[in-house]
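**Student:** Before I ask anything, let me first share the structure, which is written out below as structure tokens.
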Amino acid sequence: MMSESRESFPILQKIKWNADGLVPAVVQDVETREVLMLAYMNEESLRRTLSEKQSWYYSRSRQSLWRKGETSGHTQEVIDIKFDCDQDAVLLTVKQTGMACHENYFSCFHYKVEDERSAAFRTVGEPEVRADIPLGQTLEMLAQVIHTRNLERPEGAYTTYLFAKGIDKILKKVGEESAESIIAAKNNDPVEIRSEVSDLFYHLLVMLEDRGVDLKEISQELLGRQNKKHEKDYTLSN
């Protein structure tokens, strides 16, 4: 089986595994190009990653394989894999769903060094808040948090309250936030518009979660409409 795998994926023969049979794997988001994490792979985890197009790693502490997102749902769809010129490290380009970091941040590299002159860069600041993540990715991350709230129903959480009250309450809030967004736009207040539209987006995501509609389905619907528009434009122009 292993020889067949090596034949199927020549990269397995080219990698220079370290003394423990591992290779470091740098993971980068395909959309933002942000470095998400550093993990390790052995031959089996790399083989599974290549085969399944989902990231698998090797835990040095547990000494076992693990698939990213198998418990959290924060999966990584592998878009591309490269290895470096020394053949002793790999680079995964992935489509990250949810957060890459177990501390609930998009990237594991969310601590900023405050004083680069300190000995061995030991000074670590508060996690850096990102403000440049694309809207689509932000909505995906929020949808994942809402999904987790729906599954776990933590006591005292507003999202738990909405799911407990049911669809009528959720739809009422969608209606209220829609009206408030309209009023904010009518008032031409940018701060108010941002606030109300954000509330509307949140409650729409709660509604989608309650009705079992995935954001990917909305994306496919919008892309389908756009493609049809292009086809129509092309037909009219010819």
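The values are calculated or read from the model by the stated rules, or taken from the named source; none is laboratory data. Given the structure is predicted, the values throughout are model-derived calculations rather than measurements. Cβ: placed from backbone, ideal geometry, glycine included. Neighbour counts: every protein chain shown. Accessible surface is based on the protein model in full, side chains and every heavy atom, while ligands, DNA and RNA are left aside. Shrake-Rupley method; radii C 1.70, N 1.55, O 1.52, S 1.80 Å.
**Student:** Of all the strands (runs of 3 or more DSSP E) wholly in segment 50-113, which have at least 3 residues that are touching a residue at least 24 places away in the same chain (Cβ under 8 Å) and open to solvent by less than 20 Å² (accessible area, probe 1.4 Å)?
**Tutor:** By residue number, 90-96.
**Student:** Could I ask something else about it? Could you say whether any residue in segment 208-228 is open to solvent by less than 90 Å² (accessible area, probe 1.4 Å), assigned to a helix (DSSP H, G or I), among the hydrophobic types (A, V, I, L, M, F, W, C) and in contact (Cβ under 8 Å) with a residue 40 or more places away in the chain?
**Tutor:** Yes - at least one qualifying residue is present in segment 208-228.
Each row is one residue, and each column tells you yes or no for (1) open to solvent by less than 40 Å² (accessible area, probe 1.4 Å); (2) touching a Ser or Thr at 6+ places or on another chain (Cβ under 8 Å); (3) under 23 Å from Asn104 (Cα atoms); (4) at pLDDT below 90.
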{"residue": "Ile146", "(1), (2), (3), (4)": "yes, yes, yes, no"}
{"residue": "Ala179", "(1), (2), (3), (4)": "no, no, no, no"}
{"residue": "Val191", "(1), (2), (3), (4)": "no, no, no, no"}
{"residue": "Arg194", "(1), (2), (3), (4)": "no, no, no, no"}
{"residue": "Val197", "(1), (2), (3), (4)": "no, yes, no, no"}
{"residue": "His203", "(1), (2), (3), (4)": "yes, no, yes, no"}
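**Student:** Quick check: is even one residue across segment 6-27 of a type in the set (Ser, Thr, Tyr) and either surrounded by 13 or more Cβ atoms within 10 Å (Cβ to Cβ) or in a loop (DSSP other than H, G, I, E, B) (or both)?
**Tutor:** no
**Student:** Give the residues of segment 36-49 that are touching an Asp or Glu at 6+ places or on another chain (Cβ under 8 Å) and open to solvent by 50 Å² or more (accessible area, probe 1.4 Å), sorted by residue number.
**Tutor:** Listed by number, the list is empty, since nothing qualifies.
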